[in-house]
Amino acid sequence: MTSEDNLVRLEKHGAVGVITVDNPPVNALSPGVPEGILAAVDAGNADPAVKAMVLIGAGRSFIAGADIRQFGKGRPRPSRRTHDVLEASGKPVVAAIHGFALGGGLENALGCHYRIAVASAKVGLPEILIGLLPGGGGTQRLPRLIGPQLALDLIVSGRHVPADEAKDMGILDRVIPADGDLLKAAIAFAEEIADVRPLRRVGEMTAALPDGPDIFEAKKQEIARKARNQIAPYNCIAAVKAATELPFAEGLLRERELFGELENSDESKALRYAFFAEREAQKLPDVPKGTPIRKIETAAVVGAGTMGGGIAMCFADAGIPVKVLEASQEALDKGFERIRNNYAVSVKRGSLTAEAMEERMALLEKSTSYDEIGQCDVVIEAVFEEMSVKQAVFKELDRVMKPDALLLSNTSALDIDQIAEATSRPEEVGGAHFFSPANVMKLLEVVKGAKTKPEVTASTMALGKLIAKAPAACGNCDGFLANRSRAPFNSEMVIMLEEGCMPEQVDKVMVDFGYPMGPFAVGDLAGLDIGYAGRKRRAEADPNYRKLPIADKLVEMGRYGQKTGAGWFKYEKGDRTPHPDPVVADLIKTMSEEMGNTPRPFTDDEILKRLLFSSVNEACKILEEKIAYRASDVDIMWLYGFGFPRYRGGLMFWADGLGVQDVYNQIAAWHQQYGERWAPSALLRRLADTKTSFREAHTLVK
Ligand code: T1G
């Protein structure tokens, strides 16, 4: 039997009815799939020849969850829900899991009576990551199956659980080798339990609370900082709590009520947007479908400094052997010591085992000769940010690297074309801009040079996914996409001080907005001397460059930030907590008066919009110049590169929430008040005139 749309089929293997979900690419529960499952379970129960059933996914995965694109469309709720019908079946059903069983996928597996998986499978209830909660019985069944504490941890973290761990928890009954025949094993399992009665129904179990402190209050405390301004985490907790207090049927109703509060929330809309934006970034309009992707099985990094070491760790973390090349053994040893220390911190925190650390260290190989890296599939240059130094490196890479090696620079702003010109193969050169610390920050900014061929760009994007980054592509300009769009934010925050604003107010506004740290505190952390050097370079190159005298003065006073115990804020010894400093307040007051300004109060709203609108305007210029493909790529850069709060979707998604017209009007008003730096971009003007959203801005760029 096959459903009309071929999404679900029931086939008999002896006395076992096998229900196969076939909805590529990930067997999401799109319209037609639940209906197909229901029809198959009904048919299996009606067929006297069927003694037991198996639920399995075709292709590369079990069921990856509800179809996220369907939320918010007001689709009527089904009268019969697959996980409940599976559980109520008069004949046992075995869920056979490979790839992923996530969200509604795992919830359907929990409705089955047994669960078997291949060792490479992963299961989870990641709904919280898109601002939802498991709305298909997961908050009621999982606590009954594995206990409220474990269920609470999994549902509030949304993490994917490897099969072996899931078995230890009690989610899975059996795990077979990754290369085992899952269907065969599941059918054998079904035959084995076909006559076992009573049927083991998770909904009939109880979720016993552990003795001791209230685990729900403890979880709320634990997530308080990260869950600021969000509701989904707290609804997840409330739903699991209901599983420990209410009979199953009432618990399901409570779950549905709590889910209903989330489906149309701004938080969930933003998080669902971010989910698809990250995937949209993989689609490069100017890279033809079917462009070959080069294999990456070996890597080399030139430079063992902070960035080079961090980049090398990304490869080791992904299980890819990587050679690290430095000019001297001493520099290499120092770099490897830093890498080892980084891993040791993770081991100490418990996020990495000592064994895994040694496995990764074993993938890292020291080298002091270019001739040793020539056969690597990719090489990433991460040396000092000085063009002549980079060109010398690329000249050597051109000499030694095999013809189809990817030649990538980690430069954060230097001209990729100029770097490429140092080689005889500029079409093989591109940018792979990591963000510090490279082994932690997920953003990979993939920069296309004028001559970079599509295959190199596409292969670099694939490399980003391979090393678990969030890649997004852009064209070549000063600062590329991320840092160029951020630059106005960085200057506007200091210019506001000239008008009497205080750094602590700016930081509070941005932390309340959802940033993990305020921008002035971030500056103190990174080191104010770095920005100072950059401003001096730009001032020498551009006589019209808008200087930031207060920021320059701070550095000239020796206040570099945390590393000198004082910057925008002061720091107690051994404590990274930023404290407002009267010295800075006096400096701001004195210098703003010297500039002829009368210090004035700022509203939080003005501070927020002065910072973010300045970047929205720059992003429109970047889109207009075709440096960025689309606004959602700007959002990926801001989410993963600058810590923009994910539950607000991203810089441009947030701006769309305010409306293009209002953003334009405010920028036009600041243009009148402050002059050229606030001149609205031509694209922004066109968006306002045509009532086009930022999200669709690229449609106006020809
Ligand atoms: N709905 C719709 N499309 C989806 C999807 C989903 N759940 N999951 C993936 N896709 C698309 C994705 O956009 C991409 O499309 C393609 O499939 C390949 O995905 C009631 C409410 C499963 C780990 O949150 O985590 O169930 O770009 O590139 O890297 O309680 O996809 O090809 O056009 O990510 O191999 C809960 C989300 C939903 C899982 C595979 N489930 N998906 O990663 O492939 S809510 C999730 C993932 C829910 C119930 C609740 C990953 C993956 P395109 P991909 P991948």
Task: Inter-label distance, nm, simple model (7 Å from Cα along the C-beta direction), S328/S79 - done: 8.1
- [ ] Would you pull out the residues with amide H under 5 Å of M53's amide H, same chain only if 5 or more places away, H placed 1.01 Å from N?
- [x] G17, V93, V94
- [ ] Could you tally the net charge around P680, taking each other residue with its Cβ under 12 Å from the Cβ of P680, Lys/Arg +1 and Asp/Glu -1?
- [x] 0
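Please work out the Cα convex hull volume for region 505-603 and give it in Å³ per residue.
Per-residue hull volume (Cα only) is 121 Å³.
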- [ ] Residues in region 482-501, backbone N under 13 Å from the label point at L658 (7 Å along the Cα-to-beta-carbon vector): list them, ranges by number please.
- [x] 489
TODO: Above 22 angstrom, tally the Cα pairs of region 545-702 and express them as a % of all pairs, no decimals.
DONE: 55
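Between E222 and D286, what length in nm is gained on full extension when 0.36 nm per residue of separation is reduced by their alpha carbon distance?
18.5 nm
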Open item on the list: Give me the percent relative contact order of the chain, please, defined on Cα pairs under 8 angstrom at least 6 residues apart.
Closed with: 9
TODO: Take each uninterrupted DSSP H stretch in the chain, measure its Cα extent along the helix axis, and return the ones at 27 Å or beyond whose mean Kyte-Doolittle hydropathy is at least -1.0.
DONE: 604-624
Task: Computed P(r) (all Cα pairs; region 8-264; 5 Å bins; percent) - done: 1, 7, 14, 19, 20, 17, 12, 6, 3, 1, 0, 0
Task: Calculated over region 362-426: convex hull of Cα atoms, volume per residue (Å³) - done: 90
Task: Sequence-distant lysines (8 or more away, or on other chains) whose Cα lies within less than 20 Å of K167 - done: K122, K184
Open item on the list: From Cα pairs below 8 angstrom and at least 6 apart in sequence, can you work out the relative contact order of region 8-264, rounded to a whole percent?
Closed with: 19
Task: region 470-543 and region 69-144: distance between their alpha carbon centers, rounded to Å - done: 44
Open item on the list: Going 7 Å from the Cα of V345 along its beta-carbon direction, which residues of region 305-326 have the amide nitrogen within less than 18 Å of the resulting point?
Closed with: 305-317
- [ ] Give, to the nearest whole percent, the P(r) tail of region 299-478 beyond 26 angstrom, counting all Cα pairs.
- [x] 23
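Work out the FRET efficiency for E245 and E372 from their Cβ-Cβ distance, taking R0 = 41 Å, and round it to the nearest 0.05.
Details: r = 64 Å, r/R0 = 1.56.
So the FRET efficiency works out to roughly 0.05.
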Task: Theoretical ellipticity at 222 nm over the chain - DSSP helices of four or more residues, -39500 (n - 2.57) apiece, nearest 500 - done: -14500 deg cm²/dmol
Open item on the list: Using Cα-Cα distances under 8 Å and only pairs 6 or more residues apart, what relative contact order does region 555-702 have, in percent?
Closed with: 18
Open item on the list: Let me spell out the model: positive unit charges on the Cβ of Lys and Arg, negative unit charges on the Cβ of Asp and Glu, origin at the Cα centre of region 8-264. What dipole size does that give, in debye rounded to 20?
Closed with: 440
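Length gain on complete extension for the stretch D689 to H13, per 0.36 nm per residue less the alpha carbon to alpha carbon distance? It would help to have the intermediate numbers written out before the result.
Numbers: separation 676, 0.36 × 676 = 243.36 nm, distance 6.34 nm.
Net length gain for the segment: 237.0 nm.
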Task: Rg/Rg_globular for region 218-377, with Rg_globular taken as 2.2 N^0.38 Å and Rg from C-alpha atoms - done: 1.56
Task: Separation of the D604 and T306 label points, Cα + 7 Å toward Cβ, nm - done: 3.1
Open item on the list: Let me understand the chain better: what is its radius of gyration from the alpha carbons, and its Dmax, in angstrom?
Closed with: 28.0, 92
Open item on the list: Quick check on my link table: of K451/K626; K220/K465; K334/K553; K390/K451; K283/K451; K334/K451, which ones sit more than 24 Å apart, alpha carbon to alpha carbon?
Closed with: K220/K465; K334/K553; K334/K451
Task: D_trans [Stokes-Einstein, Kirkwood Rh over alpha-carbon pairs] for region 620-690, 37 °C, 0.692 mPa s, µm² s⁻¹ - done: 255
Open item on the list: Just to be sure I understand the curve: with the Debye formula and one point per C-alpha of region 592-647, what is log10 I(q)/I(0) at q = 0.14, 0.17, 0.22 Å⁻¹?
Closed with: -0.55, -0.70, -0.90
Task: Estimated FRET transfer efficiency (V196, K451; beta-carbon r; R0 56 Å; 0.05) - done: 0.25
Task: trypsin sites (Lys or Arg not before Pro) lying in DSSP loop within region 37-78, provided at most 11 other Cβ fall within 10 Å - done: K73
Open item on the list: Tell me the net charge near L444. Cut-off is 14 Å between Cβ atoms, L444 excluded, with +1 for each Lys or Arg and -1 for each Asp or Glu.
Closed with: 0
TODO: Please give the peptides 491-498, 307-314 ranked by average Cβ packing (other Cβ atoms within 10 Å per residue), highest first, as a rough proxy for protection.
DONE: 307-314, 491-498
- [ ] Please give the length that would be gained between T2 and E358 if that part of the chain were fully extended, namely 0.36 nm times their separation in residues minus their C-alpha to C-alpha distance (nm, one decimal).
- [x] 123.1 nm
Open item on the list: Taking every pair of distinct Cα atoms and averaging 1/r, then inverting, what Kirkwood hydrodynamic radius in Å comes out for region 117-224?
Closed with: 15.6
- [ ] Quick one: grab Rg to one decimal and Dmax as a whole number for region 230-286, Cα atoms only, in Å.
- [x] 16.1, 56
Open item on the list: Taking amide H atoms as placed 1.01 Å from N in the peptide plane, list the residues 5 or more away in sequence, or in a different chain, whose amide H sits under 5 Å from that of K12.
Closed with: V18
TODO: Could you compute the FRET efficiency for M205 and L700, with r as their C-beta to C-beta distance and R0 at 45 Å, rounded to 0.05?
DONE: 0.20
Open item on the list: Using only the alpha carbons of region 32-73, what is the convex hull's orientation-averaged projected area in square nanometres?
Closed with: 4.0
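Every number in this text was worked out from the coordinates using simple rules, so none of it is lab data. Computed from a predicted model, the values in this text were never measured in an experiment. Backbone-built Cβ (ideal geometry, glycine too); neighbour counts: all protein chains shown.
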